[in-house]
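The values are calculated or read from the model by the stated rules, or taken from the named source; none is laboratory data. As the structure is a computational prediction, the values presented were derived from the model and not from experiment. Because the Cβ atoms are built from the backbone with ideal geometry, glycine has one as well, and the counts that use them run over all protein chains shown. Just so you know, the surface numbers come from the protein's heavy atoms only, side chains and all, with ligands and any DNA or RNA stripped out. Shrake-Rupley method; radii C 1.70, N 1.55, O 1.52, S 1.80 Å.
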Protein chains: 2
Amino acid sequence: MDVHLLTRALQTRNESKIVMLVADGLGGLPQTPDGKTELETAATPHLDALARIGIQGASIPVLPGISPGSGPGHLGLFGYDPLQYLIGRGALEATGIGFSMQPGDVAVRCNFCTLDARGNISDRRAGRIPTEQSAPLAIRLRDISLEGADLFVEPVKEHRFVVVFRGQGLGGDVRDTDPQATGVPPRVPQASDPESQKTANLARAFYDQARELLSDQKRANGLTMRGFAVRPNLPSYEDVYGLRAAAIAVYPMYKGLASLVGMDIVGEAQTLAQQIDVLRESWHDYDFFFIHFKYTDSTGEDGNFNEKVRRIEDFDAIIPRVRDLRPDVLIITGDHSTPSFLKNHSWHPVPTLLVSDCCRPDGLTEFSERACLQGGLGQFEAKYLMTLALANAGRLAKYGA
Amino acid sequence: MDVHLLTRALQTRNESKIVMLVADGLGGLPQTPDGKTELETAATPHLDALARIGIQGASIPVLPGISPGSGPGHLGLFGYDPLQYLIGRGALEATGIGFSMQPGDVAVRCNFCTLDARGNISDRRAGRIPTEQSAPLAIRLRDISLEGADLFVEPVKEHRFVVVFRGQGLGGDVRDTDPQATGVPPRVPQASDPESQKTANLARAFYDQARELLSDQKRANGLTMRGFAVRPNLPSYEDVYGLRAAAIAVYPMYKGLASLVGMDIVGEAQTLAQQIDVLRESWHDYDFFFIHFKYTDSTGEDGNFNEKVRRIEDFDAIIPRVRDLRPDVLIITGDHSTPSFLKNHSWHPVPTLLVSDCCRPDGLTEFSERACLQGGLGQFEAKYLMTLALANAGRLAKYGA
């Protein structure tokens, strides 16, 4: 069931405001079976106050046991079935560095590599060339001119960069040129379907000119291309929900994901406090606000339990400033769990809290992994969070008479 | 969504061991509204100890309200959607007596019947002929020779036996020859699709020769054929999960079901204690162990509440020997409920317990129908148990970047 069939049909506009605060990787694990999680350890008076007037549940990012990356994790929260909508590797890479892909664009992840005198790959990562050296080389490749398409080349990190082809009739089904081995040359770009023949031709022309431009290099004198991908065809928030949506994020990846569903990227905040400043400034211009807080995830990935606890407390501290704005619906959630015990994204359901004046409070007094299991939202797939948000905002009409 | 698309793509191999202990028909009912279930009545100190460090949930075998047979019940636990994968009656009957069906085989359930002088059925079950008399007759039918196919005839019980045709190009879509009535002759085998014409011809040739071989019999002088079915095409545990799997069961049905998903049938245990011996002996040869305990179901089907309680206590008693092996993931579940109150398989969710060092314990202190409702796994469809097992074993990579 594509729930957007319902939200498209039932969406209703009003003056309500919805705020979704996403603490990335929020869910955690105790360090011992009888211990507390990061969220249970943190002092979170403001979240607990919300728990007393809100309704909680445990959000399953994709399906039981499936640990999502940032892409599927956020698509779920945005109400796009993460199993239905896939973001190809090249498109995610481009999105992750903040490149705004247009419909029809094809993005590719590229690696600089070292070729020997016979043209065979001797180092697939060009000796992990440092970014200071590789970025100017990527920018040099912008001089390449292609017939029938615009070209964008964006440095990433070390040996990695991104290429985007923009033009008419470009399919994304081109095979990787990286042979995943040394001692052989990069493969020639080959289309897997007729619609991608033009893309394969562009990739070949790009490669030939790049070889010329890199011919003075010792280490980064070649390149491989992987994960050709068109921009995913995601309907916009305006279309599926009738919401003017704003994203207030610090990191490019999350701005990119939000822009794929048609959110405006608002402000240039560098801290959570500045993100809330931007929220206040743009309050009258949008119906929906996605605010992304990164450090609950990065501290979890570092395996730093105590630092994740502290970051959760930072997150808690900004709640009063959000409540001052009196949003009609306030949601606290995460795109997945990142237990510091695992130092990685995990499958564990994410504590999720929704507050509105018609949310049917469930009588809980604390926001945590354990509390949310008793919550009124039960365990639910993340993709239903947006319908719940719209309903609580009075933005969904009755289904059937 | 076929979750095997995900597990095939994300499966990761490591040294972990997963043990799934299945107490058949585990879930029960109280005898009065304020009473306790069989599991709640039983003294289960070892299961309760696991509850304190594990995570519980209520497993829905198929869908709410649907009571499964052993086939769908186990397919769900094995992670095969029981609504997607059907085991035809003939194939289940063959599997149930431990016959190892090969891809392409067609199995049929047959009944001896009594034919009158005009060839009409006068008794559809040959007077419920006792097994001592019917088994030699079934074996006599092995003398039949068919052109273009091998034949297997296996006695079952009383009037029942199983026939398997093995050859090239045998479809399974042949109509029952049992007219479900007396006073009429058995029907001629008829194919429902062109692919099954050869099977229908074989069935007819088998029938004609069988009539000859049974012509000296008074009661069992005819036969009917029902439930023609090919071997179900189930992908293997190795394919879908990357697991080398072992089944340690006493009864043929469960060995058969396990072999359909590619598990090795290990040992020749006759008791639960011997099953654990086999588990220990084969510990280093497999990644996954399915251990089937029958008597929680059979006592439930007998309507013997107290005996089911005792059998649950037997089951509890072997837990320490399993824990001694330090499995990375230990699961306790059942394929369905068999409340002694109903004397039958039922739809009630099954208490399920998973223990691993990253399971996110839910703080429960008892394993029971009532406790599991508060558990961290919530109510979930049984088919997701294997993804949870793999995730807890560190055997699933992240979905999407």
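Could you compute the FRET efficiency for residue B:66 and residue A:157, with r as their C-beta to C-beta distance and R0 at 60 Å, rounded to 0.05? E between residue B:66 and residue A:157, to the nearest 0.05, is 0.70. The shape of region B:266-401 comes out oblate: with a ≥ b ≥ c from the C-alpha gyration tensor, a/c is at least 1.5 while a/b does not beat b/c. Using a 7 Å projection from Cα along Cα-to-Cβ, the label point at residue A:211 is separated from the same position in the remaining copies by 7.8 nm, smallest value first.
The dipole here belongs to region A:182-317: it is taken about the Cα centre, uses +1 on the Cβ of Lys and Arg and -1 on the Cβ of Asp and Glu, and is about 820 debye.
Taking 0.36 nm per residue of separation and subtracting the current Cα-Cα distance, fully stretching the chain between residue B:324 and residue B:192 would add 42.1 nm. Across peptide B:389-399, the average count of Cβ atoms from other chains found within 10 Å of a residue's Cβ is 5.
Ranking A:82, B:225, B:156 by Cα position along the charge dipole of the protein assembly as shown, where only Lys, Arg, Asp and Glu carry charges on their C-beta atoms, puts B:225 farthest toward the positive end. Annotation for the B:A interface, with buried accessible surface near 2400 Å², both sides summed [1.4 Å probe; non-protein components not counted]. Can you give the translational diffusion coefficient of the protein assembly as shown in µm²/s, computed by Stokes-Einstein from the Kirkwood radius over Cα pairs at 25 °C and 0.890 mPa s? Here the translational diffusion coefficient equals 82 µm²/s.
Counting, for every residue in A:80-89, the Cβ atoms of other protein chains within 10 Å of its Cβ and taking the mean gives 2. Each Lys and Arg Cβ is given +1 and each Asp and Glu Cβ -1; about its Cα centre, region B:147-240 then shows a dipole of about 420 debye. Applying the Karplus relation 6.51 cos²θ - 1.76 cosθ + 1.60 with θ = phi - 60° to region B:366-378 yields 3J(HN,Hα) values of 8, 9, 6, 4, 6, 4, 5, 5, 9, x, x, 8, x Hz, where x marks Gly and Pro.
The lysines within cross-link reach of residue B:198, meaning a Cα-to-Cα straight distance under 25 Å and a gap of 8 or more places when in the same chain, come to none at all. With both labels modelled 7 Å from their Cα along Cα-to-Cβ, the residue B:218 to residue B:34 distance reads 6.1 nm. For region B:25-120, the residue among B:69, B:114, B:39 whose Cα projects farthest onto the positive side of the dipole built from Cβ charges is B:114. Summing charges over all other residues whose Cβ lies under 10 Å from the Cβ of residue A:355, with Lys and Arg as +1 and Asp and Glu as -1, gives 0.
Under the criterion of Cα pairs below 8 Å and six or more residues apart, the relative contact order for chain A equals 34 percent.
When the accessible area of the protein assembly as shown is split by element with a 1.4 Å probe, what percent falls to carbon and sulfur? Roughly 47 percent, rounded to a whole number. Across the copies of the chain, residue A:378 has label points (7 Å from Cα along Cα→Cβ) spaced 0.8 nm apart, shortest distance listed first. Extending 7 Å from the Cα toward the beta-carbon at both residue B:317 and residue A:181 defines two label points whose distance is 5.9 nm. The alpha-carbon of residue A:218 sits under 23 angstrom from the alpha-carbons of these lysines, leaving out residues fewer than 8 places away in its chain: A:157. For peptide B:381-387, the mean count of partner chain Cβ atoms within 10 Å of a residue's Cβ comes to 3.
The simple spin-label model puts a point 7 Å past each Cα toward its Cβ; for residue A:150 and residue B:302 those points are separated by 7.9 nm. For a straight C-alpha distance cut-off of 15 angstrom, the aspartates and glutamates reachable from residue B:343 (same-chain residues fewer than eight places away being disregarded) are B:24, B:38, B:297, B:301, B:302, B:307. Once the dipole of chain A is set up with Lys and Arg at +1 and Asp and Glu at -1 on Cβ about the Cα centre, which of A:25, A:53, A:183 lies farthest towards its positive end? So the residue we want is A:183. Per-residue ellipticity at 222 nm, computed for the protein assembly as shown from helices alone with -39500 (n - 2.57) per DSSP H run of at least four residues, works out to -8500 deg cm²/dmol. Between copies, residue A:326 shows label-point distances of 6.1 nm, shortest first, with the point placed 7 angstrom from Cα along Cα to C-beta. By the combined test of axial Cα extent (at least 27 Å) and Kyte-Doolittle hydropathy (mean at least -1.0), none of the DSSP H helices of chain B qualifies. Can you give me the Cα centroid spacing of region B:84-117 and region B:256-319 in angstrom? Answer, in whole Å: 25.
Estimated from the Cβ-Cβ distance and a Förster radius of 30 angstrom, the FRET efficiency linking residue B:244 and residue A:86 is about 0.45.
Of the GluC sites (Glu not before Pro) in region B:55-156, the ones in a loop by DSSP (not H, G, I, E or B) with at most 14 other beta carbons within 10 Å are B:147.
The charge dipole of the protein assembly as shown, taken about its Cα centre with unit charges on the Cβ of Lys, Arg, Asp and Glu (plus for the first two, minus for the last two), comes to roughly 1000 debye.
Summary of the geometry: region B:12-82 and region A:374-401, compared by the centres of their Cα atoms, lie 31 Å apart. Note on residue A:9 and residue A:268: the extension gain reaches 89.8 nm, defined as 0.36 nm multiplied by sequence separation minus the Cα-Cα distance.
For region B:204-311, trypsin sites (Lys or Arg not before Pro) meeting the loop criterion (DSSP other than H, G, I, E, B) and having at most 12 other Cβ atoms within 10 Å: B:218.
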